[in-house]
Every structure is written in C-alpha cells, then in structure tokens.
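Colleague: Following this message is one structure expressed as structure tokens.
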Amino acid sequence: MKKKLIYMFSGLIVIYGLLMIPVGSETEIQSHSVESPFIWDQDERWDQLEVRFNSAKTGELQGISDSIRFGIKRIEQLISELESDEFEPSDPRLNKSLDLFFETAPYVAVLDSGYVELTDLYNKGRKRIKEVSSNWDIENRESRITLYKMLYGMRAAIEEILLQSKQTIDPVILVQDEPSVTPSTKVLGITVHSGDLLVSRGGAEVSALISRGNDFPGNFSHVALIYVDETTHTPYFIEAHIERGVAIASAEEYINDRKLRFMVLRPRYDLTQLEKDPVLPHKAAKYMFEEAQKRHIPYDFKMNFYDPEAMFCSEVGSYAYKEYGVQLWPAESTISSDGVVKVMNTFGVENFVTQMPSDLEYDPQLSVVGEWRDMNALFEDHLYNAVIDAMLVCAENGDEIEYNRWMLPVVRVVKAYSKILNWFDKVGPVPEGMSAIEAAKSDAFINSHETLKQQVREKSENFRQEKGYQPPYWELVRIAESETGCTGR
C-alpha cells in the first residue's frame, strides 16, 4: 500500500512538474508598426489651465462670465468660417479653436455656465471636420493627428467640465441625423439604423487597455454592428466577446453588459457605394447576423483582420462591410510603443497594424450620430485610463507582467476543462483561443490594475478634499505614476 501511495505521489509530482514547464509563453509578432505614438507633450499647458481654474474658483480673476462669452463667441466665429470654407489639416484655425476650447473650459467648469453652448460648438465643429476630412489623405500622419487632436481634444475639454459640474446633465448628445433608409429603432434615446456601428467603452480593466493601447489613445474599447429586423424593427447587436467569440445580443443584453459610454456611427449617405445601393448597410448587417448564426466564430486574440475564421470586435463590422465593397478603417491602426506591444503580446496579440475600436471615430466615411455616457461613471472611466497609462509607462521602462508560476499547473487544468466545455458550445473559465500562460498573465495584469486603481482612488480623494475639486486627468496620471514609480511620458 505504501509503495502504491509513493508511486501515486511521485506521479503527481511528475505531472505537476510537467505542467510547470512554460511552453508557449510567447506568441510570434506578425506585424509591427513603424509609426510612433502621438504624444501631447503639453504638461505645462495643463498646469496653466489648472491654475486658471483655481484662480477663477477663488475669485482672483475678474470677469469670468465675460471670459466665457468671449471664448464661446470666438470659437463660434472660427467654426462658422470653417463651415463655409474648405480647409486642410494644417489650417491654423483648427488649432486656434482647440486652444480656445481648452482655455474656456476652466471658466465654464467654475461657473457651471456655458456648457450647453460649448457642447453645441463641439458638435458643430466635429461634424464639419468629419465632413471635410473625406477629402483628406487619411493615411497621411498629419491628417490623422489633426483628426485626433480635434475630436479627442474637444471631448476631453467637455468632460473635464462635466467632472467638476454640479448640474444634472443629459447623458445623450445628439450630433447629426445622418440620412438612412434602413430599418430603425431607438437605443437609450438615440435613433439607430440597421448597419450602424456602436463603439463603446466597457467597465473592465482590459477595456481600458484596449482603448488606451494605441498610437492614438482613445475612449472606446469595443465595436458592435447593429442589425434591425425589417419587419419587427427589433435590434440585434452582433459583437465579438473575448469569452465566447462572435455572438448576437438583444438590446437589453447589450445595455446590461456594463457600458461607460457609447457612440453611434453611421455610413455617410453620399458614399458612392450607398448612392448606388442605399440599403447596403442593412445588407451588410444582415449578412453578419446570418453568418454569426450559421457558424461558430471564435474570438481572434491575434487581431488579424485578414482572417475571418476568428474575429475580434472591430473585425465584425469591417468584415461585413468589406463584403459589400466598403473598407472601414481606411487608415489602419498602429501600435508601436514597445511597452504596449509587450503587454498585448503576452495576451496573444500578434498583429500591431490592425483595426482598433477608438480609431473608427476618425473614419471619414462615417458620421457621428450621437453619444451616450454614464454620467455617474465618468470619473471611473478616467481613473481606469490613468492607471492603464501609468502601467504602460512601466512596461515601456522594462517591467514585466509577473504571475504566480506555482499556480500554472492549476490554470492548465482549468484550461483543459474550458476546452471540454467549448466542445459543447459552452463558455469556460479560460477563454477559447487564450493559452493557460496568457490567462495567468491576464489575471495578474487585472489584479495589478485593481491594486493600483484603489491606491490612486484614495490619493485622488485626498486631492479632492484638499483642493475642493476632482483631479483632472493629467493629475490622475501623475498620481498613478507616483504610485508606480514609473515616469517617462
């Protein structure tokens, strides 16, 4: 009996030892960007804006209302000029209008006055920029930087106001009712049409990584394609989930899967392809709807949008439209930061010239129809992002994702169990397409983010109590970097 127990125990040790071997710990990089990340590099300016905010808040500056009126009036004049002229990405009026957005926002935040007018100008400005950008060379870096600075920058200014506001503000911003003849319905107060694309931001750590892990860090981490049944007008959301691959969700399921924000994008009615066939978006959505029902499409961790056997979220929309002659993401997304590449590669990503959700906003073929954001979660959105930004600086400085190697045999057993569930079309604890090591590193990354997030939350609350206002985004990043000890932005 003793010998049997010894043999059994020895066998278990051998099996445990074999399961400890880190086979397949690295995935091969198939495409690497030769671009470089966009960096604002304007810390001095952000500090000046905060000083301006504090001075206005304490009454050290006179005529705050006059400053708001002047800023809004000047922005209005510039946007009016842009609406009547064609312009290039280098047009100085673009930078001037963005500067005025940044300079006016602190005063609006102090007085809780002028928000509606500034938001209206934001909508007019981005609508016009989106229209004119259809004539730009979108693959030109200057064009991409201009689009990013203007659309992301104006939103950032508006959201810093919202973080300080004591008003109850409508979470819906309607921008442009782009004409469409496809079936429609309403989602959280926004009219959507079959073939629309929803870019959203989830409430998870990985969502923050996807939205920020880009040469142009953005606000969105996920893409869903809407199919609206032509008879019942029931909406269906076709999307790729890490846990279960391509799936179809009802409106209730889509909304209940926590969203911090989403934006509705619609193909422009004057696209050549839509002028020939106005129902094209509906056809593309229906094609993908039927494709998702016809076959199991696993999640594509490699982010290879050329291979439709597996799909990540962006690929769902681009694949459907490509079937009907519309190439979304005319300028492919690039991920060139060594730190971002290293982190995402540990999760199985192999392609760093790809299609990232945030970049869909800058596609000139698409109009922004409207935005919805969870006003109560706006600070959480910024907090998650700031923590990710700091963690990516650490990765850039050489930090590795450390996971508990002694738990690897357990994770491998869980992975084997997950594979069995996958055979029966069920979802396992370890996502299909993710290796045991990638799962272990993913958990470690999420745990690190959670720990740092709590530290930054506490320090930001101290900041708020001491200074009397919510820390703006740049302060959140500084707090996060201070906690990690990593700098180098």
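Colleague: In terms of modelled amide H atoms, which long-range or inter-chain residues lie less than 5 Å from the amide H of GLY203?
Modeller: Excluding prolines and chain starts, which carry no amide H, the hits are LEU260.
Colleague: Any idea of the accessible area per residue across the chain, 1.4 Å probe, to the nearest Å²? Could you put the intermediate results ahead of the total?
Modeller: Details: 21950 Å² over 489 residues.
With the other protein chains kept in place, the chain gives 45 Å² per residue.
Colleague: Right, next: Just round it to a whole percent: the fraction of Cα-Cα distances in the chain exceeding 28 Å.
Modeller: On the way: 66565 of 119316 pairs.
Roughly 56 percent, once rounded to a whole number.
Colleague: Of LYS186/LYS453; LYS186/LYS441; LYS259/LYS426, which ones are farther than 32 Å apart at the Cα?
Modeller: Numbers: LYS186/LYS453 35 Å; LYS186/LYS441 40 Å; LYS259/LYS426 24 Å.
With Cα atoms farther than 32 Å apart: LYS186/LYS453; LYS186/LYS441.
Colleague: Quick one: what Rg and Dmax do you get for segment 51-106 from the alpha carbons, in Å?
Modeller: Cα radius of gyration and Dmax of segment 51-106 are 13.6, 42 Å respectively.
Colleague: Sticking with this structure for a sec: Per residue, how much space in cubic angstrom lies within the convex hull of the C-alpha atoms of segment 271-327?
Modeller: Working: hull volume 4.0 nm³, N = 57.
Each residue corresponds to 70 Å³ of Cα convex hull volume.
Colleague: What is the packing order of peptides 145-154, 210-219, taking the mean over residues of other C-beta atoms within 10 Å and listing the highest first?
Modeller: Details: 145-154: 20.4, 210-219: 23.7.
Per-residue Cβ counts within 10 Å, averaged per peptide and sorted highest first, yield 210-219, 145-154.
Colleague: Give or take rounding to whole Å, what are the principal axis extents of the alpha carbon atoms in segment 76-122, in descending order?
Modeller: 35, 16, 12
Colleague: May I pose another question? Rounded to the nearest 5, what % of the DSSP beta bridges within the chain are antiparallel ones? Each step should come with its number before you reach the end.
Modeller: Values: 36 of 38 bridges.
Approximately 95 percent, going by the DSSP bridge assignments.
Colleague: Quick check: at a probe of 1.4 Å, how many percent of the accessible area of the chain sits on carbon and sulfur atoms? Walk me through the numbers before you get to the answer.
Modeller: Details: 11430 of 21950 Å².
Ligands and nucleic acids excluded, carbon and sulfur give 52 percent.
Colleague: On to the next question. With no solvent and one equal point scatterer placed on each C-alpha of segment 322-429, evaluate the Debye formula and give log10 I(q)/I(0) for q = 0.11, 0.17, 0.23, 0.24 Å⁻¹, two decimals.
Modeller: Computed log10 I(q)/I(0) values: -0.65, -1.16, -1.16, -1.18.
Colleague: Given q = 0.10, 0.14, 0.20, 0.21 Å⁻¹, what are the Debye log10 I(q)/I(0) values for segment 269-390, with equal point scatterers placed on the Cα positions and solvent ignored?
Modeller: Log-scaled intensity ratios, in q order: -0.41, -0.79, -1.24, -1.28.
Colleague: For LYS57, give me every one of the aspartates and glutamates with a C-alpha distance below 17 angstrom, ignoring sequence neighbours fewer than eight places off in its own chain.
Modeller: ASP47, ASP66, GLU103, ASP112, GLU160, GLU466
Colleague: Here's another thing I want to ask about it. Using per-residue counts of other Cβ atoms within 10 Å, averaged over each peptide, order 385-396, 442-453, 317-328, 165-176 from highest down.
Modeller: Working: 385-396: 23.8, 442-453: 17.2, 317-328: 20.0, 165-176: 13.8.
Ranked by mean Cβ neighbours within 10 Å, highest first: 385-396, 317-328, 442-453, 165-176.
Colleague: For segment 216-285, go through all pairs of different Cα atoms, get the mean of 1/r, take its inverse, and jot down that Kirkwood value in Å. Intermediate values should be presented prior to the final figure.
Modeller: Details: mean 1/r = 0.0715 Å⁻¹.
Over segment 216-285, the inverse of the mean reciprocal pair distance is 14.0 Å.
Colleague: Under the √(5λ) rule applied to the eigenvalues of the Cα gyration tensor, what semi-axes describe the equivalent ellipsoid of segment 423-483? Give them in Å, descending.
Modeller: Working: eigenvalues 273, 27, 15 Å².
The three semi-axes for segment 423-483 are 37, 12, 9 Å.
Colleague: Specify the inter-centroid distance of segment 151-198 and segment 78-125, based on alpha-carbon positions, in whole Å.
Modeller: The distance from the Cα centre of segment 151-198 to that of segment 78-125 comes to 18 Å.
Colleague: What is the packing order of peptides 459-468, 94-103, taking the mean over residues of other C-beta atoms within 10 Å and listing the highest first?
Modeller: Numbers: 459-468: 13.3, 94-103: 19.2.
The densest-packed peptide leads the list: 94-103, 459-468.
Colleague: Explain nothing, just compute: Karplus ³J(HN,Hα) = 6.51 cos²θ - 1.76 cosθ + 1.60, θ = phi - 60°, for every residue of segment 404-413 in order, whole Hz, x for Gly and Pro.
Modeller: Once rounded to whole Hz, the list reads 6, 5, 5, 8, 4, x, 5, 4, 5, 5.
The values are calculated or read from the model by the stated rules, or taken from the named source; none is laboratory data. Being a predicted model, the structure only gives us computed values, none of them experimental. We place every Cβ from the backbone using ideal geometry, glycine too, and count neighbours over all the protein chains shown. Heavy atoms of the whole protein, side chains included, go into the accessibility calculation; ligands, DNA and RNA do not. Shrake-Rupley method; radii C 1.70, N 1.55, O 1.52, S 1.80 Å.
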